[in-house]
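Trainee: Below are the structure tokens for one structure; questions will follow.
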Amino acid sequence: MYRGTFAIVDTSAIRENIRGIKSRLAQSTRVLQAVKANGYGHGAVQVARAAVAGGATELGVATVEEALALREAGIDTPILVLGVTTSEGAEAARRAKVAITIGNPDLDGIAAQLPVRRGNEPQGDAPRLSVHLKVDTGMSRLGARGAEEAVQLALALQARPDVSLDGVFTHLACADSADLAHAEAQIDQFRSVLRALAEVGIRPPVIHAANSAAALRRTDWQFDTVRVGIAAYGYGPAGVYDSPVPLRPALHLYSPIVRIATLQPGDTVGYGATYTAERPVRIATVPVGYGDGYFRTLSNRASVVVRGHRAPVVGNVCMDQLMIDVTEVPDTAVGDCVTLYGRYAPDAWNRRFGSVDAGVAEDASAGNSAMVDRMADPSWLAATFAAAADAPVLSLDELADLAGTISYELMCALSNRVPRIYV
Ligand SMILES: *Cc1c(COP(=O)(O)O)cnc(C)c1O
């Protein structure tokens, strides 16, 4: 942590969020936790472990590579690849006992998504490839369109001795909208496809449709499994519906103040000089930028938190740094901890933060090197973070609104350069 910028990933929040979601579901309903895109930026392996501890019994990823990475980390929980894959990918999935999605709506398409058959028999006692058939009921992304196509595909899959048709699912486009009419229509269509499959004797063991929003809002749409993503990470769509269970954010981003300068009227800040001081202001530099996943579109819009006070982001966000106006923050200094999002930083992190040089320059008498060492001590960070459990939160929904996106994208954008500390 030589730069002082880091993220806290609160795995207990993930665990508790899933427990809360499960408390809304029938006892027999299973939870598949989506850990694609590196666990929405949190770290796929750590999220997978926390999710299983919270009661998830399956994991969802986008690619076979993501599934194999979990297997290599020793995770043997059932995994479903939610995207489509190549024939080679399907063969790798079969060997790793990973289920794949058949999402191509025609018979040629499924051939391209299944392992090449070398004969009519399964190879020795090789495991069969587990597949879930996707049905497109209105997302227009993947899956069989209409009951007839779904039946055809299901029959073709059943005819393959090396394939096991283990699930049928659909995905809702508008489960997080204020108006659920679109989702309602999708569920109706899904049910009619399930009836058509049943008429030809196909009732795959696992049926699923609900994402986080649907699982939280409609207990009658849970089928056998719900596919939870965002809610486990502590977010739902802000302002659209209230989660019936409390959700705690898991991701928190911090960075130290490394420099403070007083600007005079007319002085400008950052590339393009998009901010001009109109009075004397104190401008602090924070070593985090769009190269870390803090979007440039937040320039001159967002605010951060320093010592419990909001401080606006001024000038354009740079790749590695950004500037904030701390004129209104009393008693702030180099080494104070800036909260970019998540739980307001505990007081204990101020002045103890950042480079030894910065600390020494501010307060030569306080034994700064020892304190800086404590900032690099994950168990001390974890303990001080846990002790601040009641602190307010700067929500990713707020930043997402300002950046014209959704919390998901900001999470996924947190780059590998930012060390994640798991608590
Ligand atoms: C990512 C994903 C989910 C989870 O969605 P959330 O909105 O994060 O709950 C569910 N189903 C599929 C197919 C997905 O790709």
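Trainee: State yes or no: is I283 in a loop (DSSP other than H, G, I, E, B), open to solvent by less than 10 Å² (accessible area, probe 1.4 Å) and at pLDDT 95 or above?
Mentor: no
Trainee: Can you tell me which residue in region 24-41 is nearest to the ligand (Cβ to nearest atom), limited to those that are under 19 Å from A250 (Cα atoms) and open to solvent by 20 Å² or more (accessible area, probe 1.4 Å)?
Mentor: In this case the residue turns out to be K36.
Trainee: Additional query: Can you tell me which residue is most open to solvent (accessible area, probe 1.4 Å) among those in region 161-193 that are hydrophobic (A, V, I, L, M, F, W, C) and closer than 15 Å to A147 by Cα?
Mentor: Checking each candidate, the answer is A185.
Trainee: Taking the condition touching a Phe, Trp or Tyr at 6+ places or on another chain (Cβ under 6 Å) and modelled with pLDDT under 95, does G315 pass?
Mentor: The answer is no for G315.
Trainee: Using the structure shown, decide if A196 is buried (at least 19 other Cβ atoms within 10 Å of the Cβ), touching a helix residue (DSSP H, G or I) at 6+ places or on another chain (Cβ under 8 Å) and touching a residue at least 24 places away in the same chain (Cβ under 8 Å).
Mentor: Here the answer is no, as A196 does not meet what is asked.
Trainee: Also, I was wondering about something else. Being within 15 Å of the ligand (Cβ to nearest atom) and either part of a loop (DSSP other than H, G, I, E, B) or open to solvent by 40 Å² or more (accessible area, probe 1.4 Å) (or both), is that true of even one residue in region 225-234?
Mentor: Yes, the conditions are met somewhere in region 225-234.
Trainee: So, of the residues in region 44-65 that are buried (at least 22 other Cβ atoms within 10 Å of the Cβ) and under 14 Å from the mean Cα position of the chain (by Cα), which turns out to be nearest to the ligand (Cβ to nearest atom)?
Mentor: Only one residue tops the list, namely G60.
Trainee: Can you name the condition, by its number, that Q222 falls short on among (1) touching a residue at least 40 places away in the same chain (Cβ under 8 Å); (2) within 12 Å of the ligand (Cβ to nearest atom); (3) not aromatic (F, W, Y)?
Mentor: With respect to (1) touching a residue at least 40 places away in the same chain (Cβ under 8 Å); (2) within 12 Å of the ligand (Cβ to nearest atom); (3) not aromatic (F, W, Y), Q222 is out only on (2).
Trainee: Next question, about the same structure. Among the helices (runs of 4 or more DSSP H) contained in region 87-190, which hold 2 or more residues that are more than 16 Å from the ligand (Cβ to nearest atom), over 24 Å from the mean Cα position of the chain (by Cα) and within 20 Å of I202 (Cα to Cα)?
Mentor: In region 87-190, the matching helices (runs of 4 or more DSSP H) lie at 107-113, 147-158.
The values are calculated or read from the model by the stated rules, or taken from the named source; none is laboratory data. Nothing here was measured: the structure is a model prediction, and the numbers come from that model. Don't worry about glycine lacking a Cβ; one is built from the backbone with ideal geometry, like all the others, and counts go over all protein chains shown. Note: areas computed on protein heavy atoms with side chains; ligands, DNA, RNA excluded. Shrake-Rupley method; radii C 1.70, N 1.55, O 1.52, S 1.80 Å.
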